[in-house]
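K.L.:
Before we start, here is the structure in question, set down as structure tokens.
Derivation of every value follows stated rules applied to the coordinates shown; laboratory data play no part. Owing to the predicted nature of the structure, the values given are computational and were not obtained by experimental measurement. Counting neighbours? That spans all protein chains shown, and the Cβs are built from the backbone with ideal geometry, glycine included.
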Amino acid sequence: MKSGSGGTALPIVLWALIALGSLSAIASVTAILDLSLTRNHQDYAAALALAEAGLADALAAVASDPMRASRPDSLVGGLETGAYRARWEASGVGLHVQAEGTRQAARRTVEAWVSSNADDALRITGWREVR
């Protein structure tokens, strides 16, 4: 047994364990952040879909009762994924519709301009997401 070579493996192994522990901690934190970002993205996508559902519901309500288009009106609804609210008012030769979808903390709003053609069918002439 040589007197100068004892105990050098222990510090190397300890430093290797510290490095592996640090890498696993970083991987864990990254996975948690990725999961959080994925949930937020899913909530915002669902909120946008709910806002579009509110827009479609508003158009259906006006198509079934054309008198609702002559005055400002609104409706509230929901699906299993969240809720929506739509408001509309007469604007020039058509309607201005604003619909908002909400899922948990996520909220998205869409705005549309609607007119009727020669057959009195409603059609969207302009659409945008309000930021």
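K.L.:
For Ser74 and Ala45, FRET efficiency with R0 = 25 Å and r from the beta-carbon atoms, rounded to 0.05?
P.N.:
Computed FRET efficiency for Ala45 and Ser74 comes out at 0.55.
K.L.:
Grab the other residues whose beta carbon is less than 12 angstrom from that of Gly101, score K and R as +1, D and E as -1, and report the net.
P.N.:
Around Gly101, the charge tally is -1.
K.L.:
Of Trp127, Ser115, Ala105, which is farthest on the positive side of the dipole of segment 9-130, counting Cα position, with +1 on Lys and Arg Cβ, -1 on Asp and Glu Cβ, and the Cα centre as origin?
P.N.:
Final value for the positive-end residue is Ala105.
K.L.:
Between Ile26, Asn40, Ala69, whose Cα lies farthest towards the positive end of the dipole of segment 9-130 when Lys and Arg beta carbons carry +1 and Asp and Glu beta carbons carry -1, centred on the Cα centre?
P.N.:
Ile26
K.L.:
Turning to a different aspect of this structure: Could you derive backbone 3J(HN,Hα) for segment 86-97 from the dihedral phi with the Karplus parameters 6.51, -1.76 and 1.60 (θ = phi - 60°), listing whole Hz in sequence and x where the residue is Gly or Pro?
P.N.:
Karplus-based 3J(HN,Hα) across segment 86-97 equals 10, 10, 8, 8, 5, 9, x, 9, x, 10, 10, 10 Hz.
K.L.:
Here is a further query. On full extension of the chain, what length is gained from Ala9 through Ser115, given 0.36 nm per residue of separation minus the C-alpha to C-alpha distance?
P.N.:
30.2 nm
K.L.:
Another question, then. What does the charge count near Ala53 come to, summing +1 for each Lys or Arg and -1 for each Asp or Glu among other residues with Cβ under 13 Å from its Cβ?
P.N.:
Net charge around Ala53: -1.
K.L.:
I would also like to ask the following. Considering the options Gly94, Leu59, Trp15, tell which one lies farthest towards the positive end of the dipole of segment 9-130, charges being +1 on Lys and Arg and -1 on Asp and Glu at the Cβ, about the Cα centre.
P.N.:
Checked the options; the winner is Trp15.
K.L.:
A further question on this structure: So for each of 69-81, 115-127 I average, over its residues, the number of other beta carbons within 10 Å; can you give me the resulting order with the highest mean first?
P.N.:
The most tightly packed comes first, giving 69-81, 115-127.
K.L.:
Please compute the net charge surrounding Pro72, taking Lys and Arg as +1 and Asp and Glu as -1 over other residues with Cβ under 10 Å from its Cβ.
P.N.:
Around Pro72, the surrounding residues sum to +1.
K.L.:
Okay, next question. Per 0.36 nm of contour for each residue apart, how much would the distance between Leu20 and Ala60 grow if the chain were fully extended, relative to their Cα-Cα spacing?
P.N.:
Stretched fully, the Leu20-Ala60 segment lengthens by 8.4 nm.
K.L.:
Taking only the alpha carbons of segment 49-131, what extent do you get along each of the three principal axes, in Å, biggest first?
P.N.:
Principal extents (largest minus smallest coordinate, Cα): 40, 24, 19 Å.
K.L.:
If you take the beta carbon distance between Glu129 and Ala27 as r and set R0 to 25 Å, what does 1/(1 + (r/R0)^6) give as a FRET efficiency, to the nearest 0.05?
P.N.:
According to the calculation, E is roughly 0.10.
K.L.:
What FRET efficiency would be calculated for the residue pair Leu35, Arg87, taking the C-beta separation as r and a Förster radius of 35 Å, to the nearest 0.05?
P.N.:
Using R0 = 35 Å, I get an efficiency of 0.50.
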